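The values are calculated or read from the model by the stated rules, or taken from the named source; none is laboratory data. Since the model is a prediction, treat every value here as computed from it, not as a measurement. For neighbour counting, all protein chains shown are included, and Cβ atoms are generated from backbone atoms with ideal geometry for every residue, glycine included.
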There are 2 protein chains.
Amino acid sequence: MASFEPNDLCTPVFIVDLQKVKQNAQAMLERFQQMGVQLRPHMKTHKTVECGEIMTGGSRRCIAVSTLAEAAFYAEHGFDDILYAYPIPLDKVERCAQLSEELVLFHVLIDSRVALQQLRTRPLKGGKDIFQSEGVELTGIYVHCGNTYSCSGEEHIKAIAQKTTTFILHFMEKMKAAGMDGPKSSIGSTPSCSHPVQDMAQLSEVHPGNYIFYDAQQMKIGSCKLEQVAVRVLTRVIGHYPSRNQLLVDCGWAGLSHDGGGCLPTGYAIIEGHPNLRLLSMTQEHGRVEPISGNLDYKKFPIGAMLCLIPYHACATAMMHAIFFVHSEGKVVDKWTPTRGW
Amino acid sequence: MASFEPNDLCTPVFIVDLQKVKQNAQAMLERFQQMGVQLRPHMKTHKTVECGEIMTGGSRRCIAVSTLAEAAFYAEHGFDDILYAYPIPLDKVERCAQLSEELVLFHVLIDSRVALQQLRTRPLKGGKDIFQSEGVELTGIYVHCGNTYSCSGEEHIKAIAQKTTTFILHFMEKMKAAGMDGPKSSIGSTPSCSHPVQDMAQLSEVHPGNYIFYDAQQMKIGSCKLEQVAVRVLTRVIGHYPSRNQLLVDCGWAGLSHDGGGCLPTGYAIIEGHPNLRLLSMTQEHGRVEPISGNLDYKKFPIGAMLCLIPYHACATAMMHAIFFVHSEGKVVDKWTPTRGW
């Protein structure tokens, strides 16, 4: 496609900085290569082929997904060794079995005996068999240290990462003592994988996802710095309301999502380059912007002026957009189309 | 398509009760026909051709939209007399001009002199001219009484509807006194149009939208009753966590949206038929359900059991779904595909 400036795009628009995405991917790949741990990047944040390719270093192997629609989408695009990182819903056993038959490796998670019983009702064709004579073969333990999302700062993240790692390593030892020496161990979240502790080198796999974009929430947690955040929503000023000391912009929750309301001093997003502005509230297609202190200088924000929103939660914001506009060196160089549904 | 039970659908899934949609549409059409006021239904809640047809009583004429993508979508599907009910963003003037040239009637809104100047830079072809010799022709005044959304009960809604109506009628009188007798007057919101006051008969148009589905928010406001709400998200139980007195279900914010968190005693949704259950929190694809009081009886909610969520805000929940499954008399009878983007 012809290159053009991000500022020419119809707003609101979700834009992705290709260089930052590549840097975030490379940093995570190198970090866990050095630790000798397999990185299994999670696709749920972006759900695009292009980003999946970048996160796997071009291999299209060894990924985690959050929906079966993602699993099918990546399988169609030549990805393999896919982990459906979700307690398998019983209505999806048949589709999972079909994917298992198509792919070299397709993993499902269970956390109940009922799910185990359901898997047993659907043996796999083509010589594949997940069953041993006495039951299903356990290939790994999966823990998501979601509690890192309440952290504040690197040391706090490391403390939770250590606690989770110690917990799962202890569990693995118990399994080994009980005669189960094969299963892999896996933990992960973007905060813990951005600041891993040394003991994580004893794990088999990690599965972070959000780090490919990062966002204001990850900045707040301490996972990343502003310059690592790869995504923005561009929005234009569409109204001046001096009687309310407010601007109206053309991005509402349909373009940003309502995720994280009240979690930032600047409201629903960070307005880049304007630390005194707050995205106070949104309707479906409108955003209300006001100064944190003082009166708005409307000359600085004429009708039509572009503002750049750093999302609180990139996963939630990306979900609102059917197309991601990808830019590099000030030019739009690609359009990515995420998959949707379940 | 072949009919099947909603309970056979892959979850989470957004389902629409066709009979309730038709009843909600018919009630609104009849209400304003009797008052002699033109109903201009808003498409933003559903963004589908099928619902647009039902809301216009089959005419495909006289609608309001919230994005230019919706305007183009409805124009392509034979709709006309379309109001782009939004302060026109300056980057969209050219596309608006093209739609004005294609359609018999396409209306835009402005609330600034800058927007007026921009419209003047793009005269319309084909003999159409929105300009008079001295400027742009004003064809109507549009007010959205969004403050009805903070109402509680029919009397409160009527008080706000009366205040807004009185305000705009007074404004129209002032315009008439200043020699401007032509412009139409328009107000509307689902609460005020569900319980209109008599003075609204003096308006030219009303433009509600959400009423086609209604939702838990509209029940809370007093616009509708439970039996009028036409949409649900179906979700399945995927986990039992007795140590936390919780169920896990397969609907997170990707299937419901985060809209309205904390606004209902039952959390992010109403769980139909289970007034003692609360949707406490969500991740992207998981929902945590707990009892409001007492201990969960897990036998009532086995793994795989279906729960039926009444969304807090149907507009926000519908936006999360690329397909709506439409049911009637217990069978899935259609699939509707909404438009997206801007």
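Screening the stretch A:271-286 for residues that are part of a strand (DSSP E or B) and under 14 Å from A:Val237 (Cβ atoms) and picking the one that is nearest to the other protein chains (Cβ to nearest Cβ) gives A:Leu279.
Picking from residues in the stretch B:1-30 that are of a type in the set (Asp, Glu) and within 14 Å of chain A (Cβ to nearest Cβ), the one that is surrounded by the fewest Cβ atoms within 10 Å (Cβ to Cβ) is B:Asp8. Only one of the numbered conditions (1) in contact (Cβ under 8 Å) with a residue 24 or more places away in the chain; (2) among the charged types (D, E, K, R); (3) in contact with an Asp or Glu (Cβ under 7 Å, 6 or more places away or on another chain) is not met by B:Lys22, and that is (3).
None of A:Pro6, A:Pro41 is in contact with a helix residue (DSSP H, G or I) (Cβ under 6 Å, 6 or more places away or on another chain) and of a type outside the set (A, V, I, L, M) except A:Pro41.
Working carefully through the options B:Lys176, B:Lys220, find the one that is among the basic types (Lys, Arg) and either modelled with pLDDT of 95 or more or crowded, with 24+ Cβ neighbours inside 10 Å (or both).
None of the others qualify; the one that does is B:Lys220.
Criterion first (at pLDDT 95 or above and closer than 30 Å to B:Gln117 by Cα) does A:Arg340 satisfy it? Against the criterion (at pLDDT 95 or above and closer than 30 Å to B:Gln117 by Cα), A:Arg340 does not qualify. Considering each residue of the stretch B:195-206 in turn, at least one proves to be away from chain A (no Cβ under 14 Å), part of a helix (DSSP H, G or I), over 21 Å from B:Val16 (Cβ atoms) and among the small types (Gly, Ala, Ser). Condition (residue is of a type in the set (Ser, Thr, Tyr) and out of contact with any Leu (no Cβ under 6 Å at 6 or more places or on another chain)) applied to the stretch A:10-17: is it met by at least one residue? No. Filtering the stretch A:146-163 to residues that are buried (at least 19 other Cβ atoms within 10 Å of the Cβ) and not in a helix (DSSP H, G or I) leaves only A:Cys151.
May I ask you to list pairs of residues, at least six apart or on different chains, whose Cβ atoms are under 9 Å apart, with the first in the stretch A:239-259 being over 12 Å from A:Glu285 (Cα atoms) and the second being at pLDDT 95 or above and of a type in the set (Asp, Glu)? Pairs that qualify, where the first residue is over 12 Å from A:Glu285 (Cα atoms) and the partner is at pLDDT 95 or above and of a type in the set (Asp, Glu), are A:Arg244/A:Glu290; A:Asn245/A:Glu290; A:Gln246/A:Glu290; A:Leu247/A:Glu290. One residue stands out among those in the stretch A:121-145 that are outside any loop (DSSP other than H, G, I, E, B) and at pLDDT below 85: the one that is nearest to A:Ser189 (Cα to Cα), which is A:Val136. Restricting attention to the stretch A:291-342 and to residues that are outside any loop (DSSP other than H, G, I, E, B) and of a type in the set (Phe, Trp, Tyr), the residue that is farthest from the other protein chains (Cβ to nearest Cβ) turns out to be A:Trp336.
Kindly indicate whether any position in the stretch A:256-268 is of a type in the set (Val, Ile, Thr) and over 24 Å from the mean Cα position of the chain (by Cα). There is no residue in the stretch A:256-268 that is of a type in the set (Val, Ile, Thr) and over 24 Å from the mean Cα position of the chain (by Cα). Pairing each residue of the stretch B:144-165 that is on the phi > 0 side of the Ramachandran plot with any residue that is not in a helix (DSSP H, G or I), provided the two are 6+ apart or on different chains, yields C-beta distances under 7 Å for B:Gly153/B:Gly222. When A:Gln202 is tested against (1) farther than 30 Å from B:Asp91 by Cα; (2) buried (at least 23 other Cβ atoms within 10 Å of the Cβ), only condition (2) is not met. When B:Pro242 is tested against (1) modelled with pLDDT of 95 or more; (2) within 13 Å of another protein chain (Cβ to nearest Cβ); (3) surrounded by 23 or more Cβ atoms within 10 Å (Cβ to Cβ); (4) under 26 Å from B:Glu290 (Cβ atoms), just one condition goes unmet, and that condition is (3). The set of residues from the stretch B:216-239 being within 14 Å of chain A (Cβ to nearest Cβ) and in a helix (DSSP H, G or I) comprises just one member, B:Gln217.
Of the residues making up the stretch A:259-270, just one is within 13 Å of chain B (Cβ to nearest Cβ), within 26 Å of A:Asp297 (Cα to Cα) and surrounded by 24 or more Cβ atoms within 10 Å (Cβ to Cβ), namely A:Tyr268. Scanning the stretch A:107-125 for residues that are out of contact with any helix residue (DSSP H, G or I) (no Cβ under 9 Å at 6 or more places or on another chain) and more than 15 Å from A:Leu83 (Cβ to Cβ), we see that the one that is farthest from the other protein chains (Cβ to nearest Cβ) is A:Arg120.
Table: residues versus (1) within 11 Å of chain B (Cβ to nearest Cβ); (2) under 30 Å from A:Ala305 (Cα atoms).
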| position | (1), (2) |
| --- | --- |
| A:Lys184 | no, no |
| A:Ser189 | no, no |
| A:Tyr214 | no, yes |
| A:Ser257 | yes, yes |
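Considering only residues in the stretch A:49-88 that are in contact with a His (Cβ under 6 Å, 6 or more places away or on another chain) and not in a helix (DSSP H, G or I), the one that is surrounded by the fewest Cβ atoms within 10 Å (Cβ to Cβ) turns out to be A:Leu83.
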